[in-house]
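**Student:** Please read through the structure below; I'll follow up with questions.
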Amino acid sequence: MKPDIATRKDIELIMRNFYGNLLSDAEIAYIFIDVAKIDLEKHLPHLADFWEQNILNIGSYRNNVLKIHVDLHELEPLTANHFQIWLRHFNATIDESFSGEKSELMKTRALSIATVMQLKLT
């Protein structure tokens with residue numbers, strides 16, 4: 001049986017593997033590489049902060065996630081297909097290494113966030 005998500009290191013592993021998968025998917029990688037031009041090493045700690053707060057209730061993440069994505073959407077429209085790809089990779093990445101209550105919570109929260117973002121961006 002796989003362990004459940006329990007630490008920041010678990011979240012960091014998920015985020016590193018998740019972005020590795022996203023950046024290898026031509027249907028969505030260009031948004032991160034060409035449009036957002038993310039520096040993954042600088043971006044990963046912010047992602048871990050966000051999910052650590054949302055899943056482990058630790059930390060004080062304060063960035064406006066919706067605003068970040070609204071700004072990105074203005075540069076490159078984020079479509080329903082982009083969100084589906086994002087969620088597919090997100091869920092698969094969690095399922096590769098983890099299982100349990102926190103794992104399911106993380107996937108559920110990701111679906112909620114993606115749904116709200118899609119509604120706000122239209």
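**Student:** Tell me the residue from 32, 83, 50 that is under 21 Å from residue 118 (Cα atoms) and in contact with a Phe, Trp or Tyr (Cβ under 6 Å, 6 or more places away or on another chain), please.
**Tutor:** Criteria check complete, one pass: 50.
**Student:** Also, I was wondering about something else. Filtering region 8-27 down to residues that are outside any helix (DSSP H, G or I) and surrounded by 13 or more Cβ atoms within 10 Å (Cβ to Cβ), which residue is nearest to the chain's Cα centre (by Cα)?
**Tutor:** Of everything passing the filter in region 8-27, 23 is nearest to the chain's Cα centre (by Cα).
**Student:** Here are some conditions: (1) over 18 Å from residue 27 (Cα atoms); (2) in contact with a helix residue (DSSP H, G or I) (Cβ under 9 Å, 6 or more places away or on another chain); (3) at pLDDT below 95; (4) hydrophobic (A, V, I, L, M, F, W, C). Residue 72 meets all but one. Which one does it not meet?
**Tutor:** Failing condition for residue 72: (1).
**Student:** Separate question: Quick check on residue 30: is it surrounded by 12 or more Cβ atoms within 10 Å (Cβ to Cβ), of a type in the set (Phe, Trp, Tyr) and either touching a Cys at 6+ places or on another chain (Cβ under 6 Å) or outside any helix (DSSP H, G or I) (or both)?
**Tutor:** no
**Student:** Moving on to the next point. Would you check if there is a residue in region 80-102 being touching a helix residue (DSSP H, G or I) at 6+ places or on another chain (Cβ under 8 Å), over 19 Å from residue 3 (Cβ atoms) and of a type in the set (D, E, K, R)?
**Tutor:** no
**Student:** While we're on this one: With 4, 25, 34, 49 as the choices, which residue is within 24 Å of residue 74 (Cα to Cα), in contact (Cβ under 8 Å) with a residue 12 or more places away in the chain and charged (D, E, K, R)?
**Tutor:** Every option except 25 fails the conditions.
The values are calculated or read from the model by the stated rules, or taken from the named source; none is laboratory data. Being a predicted model, the structure only gives us computed values, none of them experimental. A quick note on method: Cβ atoms are made from the backbone with ideal geometry, for glycine too, and the neighbour counts reach across all protein chains shown.
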